[in-house]
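Single-structure report; data block below.
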Amino acid sequence: MGSRRIVLLGATGYTGRRVLRELLERGAEPTLAGRSRARMRTVADRFGVDLPAAEEGFAYRPPRPGASPRLVDERAAQRVRMFHHAGVRRATMTVPGSEHLGLPELFPQLESVDVGLGGFGRWTRPVQIAAALQSPLLRSARVRSALTRLSGRLPGAHRDPDSDGRSLVIAVARDDSGRHLARTALTGPDPYEMTGSLLAWGAVRAAAPDAVLKPGAHGPVAAFGLDTLALGAAEAGVHEVTEASDHRP
């Protein structure tokens, strides 16, 4: 069997660089993909890996009322979703994620999939508004270049994972009236550390010469099976948590 190639999307971001480091430590030779070719070139030169490609924002939902759901273009922070955990009402902003690809494959009856990024608290709405205002400006290559340089100087832009930090991942299934059908919560290490470990684990496992994979792009459960994926999650320090055992704000 010929060798398989790992393509790392979002390679120029903080999480992407963490995943890249994990991949290289595991002996993989990934190809990078990202929005800024200049930043990709910088990262590629630093780590000694290949380039090309680009990525777009997307979501899974009906493009218009009454239409069948599908992948549609949608910028990050397009929507705000609210939920409760451990007695606290929390807000998340929608972002593109692999769940938009993987969940409809497993559950074709789904009408929409939302992936939310939390942690902004009362600043969620202001951040959403700021993201909407800057979206037209990002069409300018000059503005994108300036923001890239600025982002590298922001506090925390080059921070290492927090050994005391924790991730909280919550999945909620609702019917078409908004009623909760099922819910689960997982906790794990620092979000960047957890993401880097999980993605590198999956990529290396998929690229193994003896891996048996279905052709095409698949979500993690369809690709590896739930039991195998659970082992990879446990290796990354991820485990299920109940509301009673998590009282953090």
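The values are calculated or read from the model by the stated rules, or taken from the named source; none is laboratory data. Computed from a predicted model, the values in this text were never measured in an experiment. Note that we place each Cβ from the backbone using ideal geometry, even for glycine, and neighbour counts take in every protein chain shown.
If I filter segment 53-61 for residues that are under 15 Å from the mean Cα position of the chain (by Cα), in a strand (DSSP E or B) and modelled with pLDDT under 85, do I get at least one hit? Scanning segment 53-61 turns up at least one residue that is under 15 Å from the mean Cα position of the chain (by Cα), in a strand (DSSP E or B) and modelled with pLDDT under 85. The residue that is modelled with the lowest pLDDT, among those in segment 211-228 that are within 18 Å of residue 97 (Cα to Cα) and outside any helix (DSSP H, G or I), is 217. From the list 181, 231, 199, the lone residue that is surrounded by 15 or more Cβ atoms within 10 Å (Cβ to Cβ) and either within 19 Å of the chain's Cα centre (by Cα) or modelled with pLDDT of 80 or more (or both) is 199. The number of residues in segment 88-122 being under 21 Å from residue 240 (Cα atoms), modelled with pLDDT of 85 or more and not aliphatic (A, V, I, L, M) comes to 8. Residues in segment 180-210 that are assigned to a helix (DSSP H, G or I) and in contact with a strand residue (DSSP E or B) (Cβ under 6 Å, 6 or more places away or on another chain): 191, 194. Of the listed requirements (1) closer than 20 Å to residue 30 by Cα; (2) touching a helix residue (DSSP H, G or I) at 6+ places or on another chain (Cβ under 8 Å); (3) at pLDDT 90 or above, residue 194 misses just one: (2).
Only a single item in (1) surrounded by 10 or more Cβ atoms within 10 Å (Cβ to Cβ); (2) at pLDDT below 90; (3) more than 18 Å from the chain's Cα centre (by Cα); (4) basic (Lys, Arg) is not met by residue 70, and it is number (2). Restricting segment 5-37 to residues that are surrounded by fewer than 13 Cβ atoms within 10 Å (Cβ to Cβ) and more than 14 Å from residue 199 (Cβ to Cβ) leaves a set whose member that is modelled with the lowest pLDDT is 5. The condition of being of a type outside the set (Phe, Trp, Tyr), surrounded by 15 or more Cβ atoms within 10 Å (Cβ to Cβ) and farther than 20 Å from residue 184 by Cα holds for only one of 77, 86, that being 77.
If you go through segment 107-124 and keep only what is surrounded by 13 or more Cβ atoms within 10 Å (Cβ to Cβ) and not small (Gly, Ala, Ser), you end up with 110, 111, 113, 114, 115, 117, 120, 124. Is it the case that some residue within segment 145-158 is under 20 Å from the mean Cα position of the chain (by Cα), more than 21 Å from residue 77 (Cα to Cα) and at pLDDT 60 or above? Taking every residue of segment 145-158 in turn, none turns out to be under 20 Å from the mean Cα position of the chain (by Cα), more than 21 Å from residue 77 (Cα to Cα) and at pLDDT 60 or above.
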